[in-house]
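This report concerns only the one structure given below.
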Amino acid sequence: MIAEKGHVNHTSGNRSDTEIREIIEKEIARQRNNLILIASENFTSQEVIRTMGSVLTNKYAEGYPGFRYYAGCENMDSVEDIARNRAMELFGSNYSNVQPHSGVNANMAVFLAVLKCGDRVLSMSLRDGGHLSHGHKQNLSGKYFDIHTYSVNPETEQLDYDEIKKIARVVKPHLIIAGASSYSRIIDYSRFREIADETGAYLMADTAHIAGLMVTGYHPNSVKVADFTTATTHKTIRGPRGGLIIADKKYAGIIDRAVFPGVQGGPLMHIIAAKAVAFREALQDSFKDYARRIIENSKALCDYMKDQGFRIVSGGTDNHLFLIDLTTKSMTGFEAVGILTSVGIIINKNVIPFDKLDPTITSGIRIGTPAVTTQGMGKAEMHKIGECITGALKNRDKPAILKEIAAKVKKLANEFPVYENFEV
Ligand code: PLP
């Protein structure tokens with residue numbers, strides 16, 4: 001309740017902002033009733049959500065544990081120390097910085113730490129799977145650095161390390177970025193390391209998508225190989241929305257300074273605490289099992305779609321996502337998203353390698369299994385989801401069939417409930 005005289009009521013847990021509360025309730029219903037197959041999304045635990053909603057949000061704590069610019073940071077120091085230590089344990093490193101507000105901020109901090117304006121960066125082309133923070137012309141990375149790109153092999157649609165090496169020899173980059181937003185295959189960091197060593201570049205692994213698979217051993221670990229590993233904490237790590245940087249402790253000074261005061265001010269201490277909670281969860285054996293099931297489900301759904309005659313980019317998947325090329329289905333990614341959303345299947349449109357269509361239209365869609373795996377779904381459900389996706393795409397002009405599919409989707413989603421008994 002907003003109390004009289006304009007004072008915020010700190011004593012009552014009542015929520016007076018019905019406008020926002022109703023939206024949150026609607027969003028909980030949306031998350032419960034739809035099948036979330038967006039590769040970068042997940043359901044965090046209630047403990048993570050509650051920690052984000054804690055009084056830690058009230059505290060300014062510019063600086064780092066032991067060296068703060070504000071008084072009264074003793075509890076903040078404890079929280080951040082725990083988060084940093086758990087991050088190190090999880091990733092297998094001797095240094096971590098848990099302050100980046102997001103994955104893009106983590107990347108920017110690494111750029112600031114090792115690059116000057118105009119320095120050359122070699123990264124994966126955005127149109128073939130890279131991320132906007134790796135050089136999009138509207139992004140800070142594209143405006144301030146000289147961006148060169150590598151792509152995938154046109155035949156295999158997989159990274160071609162010999163080709164990347166050739167490009168690196170010509171470009172002589174200061175920094176090479178290994179990492180992607182829509183690449184379904186294993187990334188061989190040791191090949192990138194060889195290339196970086198030969199050309200004298202720093203190597204940054206952006207593991208935003210695959211971090212949860214990597215820390216559980218289901219993807220090669222970049223930590224001992226790359227100079228810098230960046231990640232998001234909200235995708236396969238299944239924590240709060242945020243970023244982090246892992247590196248050898250010899251880089252601690254330049255990374256800490258690049259994060260604060262380089263690209264950020266006060267750290268989000270409630271988020272850092274929630275990161276700590278998520279890291280603890282990710283250190284449990286059950287999380288290893290979770291990561292294994294994400295990939296199992298991704299492969300199962302991918303195989304199903306392949307059997308139904310859909311072309312899968314690169315022919316398959318090794319991780320939590322795969323891309324479907326809709327070119328031969330007389331349908332764009334944009335159209336497919338519309339059809340699938342209408343039946344409650346939430347995916348995103350995605351450019352495929354060498355796509356001729358604009359990124360706002362695209363020839364493909366990206367499908368990921370982290371969220372449905374968190375719900376507890378397995379191979380049998382992937383089969384059902386595959387049936388719903390193919391059924392909807394094949395019957396796009398038949399409202400009665402689409403209605404039946406929508407009912408099946410809702411039923412399936414409700415069989416694996418999330419956020420039950422969760423007070424808004
Ligand atoms: N890096 C990669 C490879 C990503 O895929 C993403 C997000 O999708 C990010 C960075 C950015 O993360 P954030 O949205 O937290 O800034």
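Residue-by-condition table, conditions (1) under 22 Å from the mean Cα position of the chain (by Cα); (2) surrounded by 19 or more Cβ atoms within 10 Å (Cβ to Cβ):
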site	(1), (2)
ILE246	yes, yes
GLY253	no, no
PRO267	yes, yes
ALA282	yes, yes
ALA291	yes, yes
TYR304	no, yes
SER314	yes, yes
THR327	no, no
MET331	no, no
*Output the residues belonging to region 358-385 that are without any contact (Cβ under 8 Å) to a residue 60 or more places away in the chain, surrounded by fewer than 17 Cβ atoms within 10 Å (Cβ to Cβ) and more than 15 Å from ASN414 (Cβ to Cβ).*
ASP358, THR360, ILE361, ALA380
*Scan region 49-92 for residues that are among the charged types (D, E, K, R), surrounded by fewer than 21 Cβ atoms within 10 Å (Cβ to Cβ) and out of contact with any helix residue (DSSP H, G or I) (no Cβ under 8 Å at 6 or more places or on another chain) and jot them down.*
ARG50, GLU74, ASP77, ASP81
*So which residues in region 376-421 are among the basic types (Lys, Arg) and outside any helix (DSSP H, G or I), if there are any at all?*
ARG396, LYS398
*Residues located in region 222-236, provided they are near the ligand (Cβ under 8 Å from one of its atoms) and in a loop (DSSP other than H, G, I, E, B)*: HIS234, LYS235
_Flag for GLN284 being in contact (Cβ under 8 Å) with a residue 60 or more places away in the chain and more than 27 Å from PHE192 (Cβ to Cβ)_ = no
*asked:* When the residues of region 350-375 are narrowed to those that are hydrophobic (A, V, I, L, M, F, W, C) and under 16 Å from SER330 (Cβ atoms), which ends up nearest to the chain's Cα centre (by Cα)?
replied: ILE365
*asked:* Restricting to region 172-195, name every residue that is in contact with a helix residue (DSSP H, G or I) (Cβ under 8 Å, 6 or more places away or on another chain) and away from the ligand (no atom under 16 Å from the Cβ).
replied: LYS172, PRO173, HIS174, ASP188, ARG191, GLU194, ILE195
*asked:* Among (1) away from the ligand (no atom under 16 Å from the Cβ); (2) in a loop (DSSP other than H, G, I, E, B); (3) closer than 19 Å to GLU41 by Cβ, there is one condition GLU281 misses while meeting the rest; what is its number?
replied: (2)
*So, of the residues in region 97-127 that are within 14 Å of the ligand (Cβ to nearest atom) and in a loop (DSSP other than H, G, I, E, B), which turns out to be surrounded by the most Cβ atoms within 10 Å (Cβ to Cβ)?*
GLN99
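We did not get these values from a lab; they are worked out from the coordinates using the rules stated. If you're wondering where the values come from, they're calculated on a predicted model, not measured in any experiment. Every residue, glycine among them, receives a Cβ derived from its backbone with ideal geometry; neighbour counts consider all protein chains shown.
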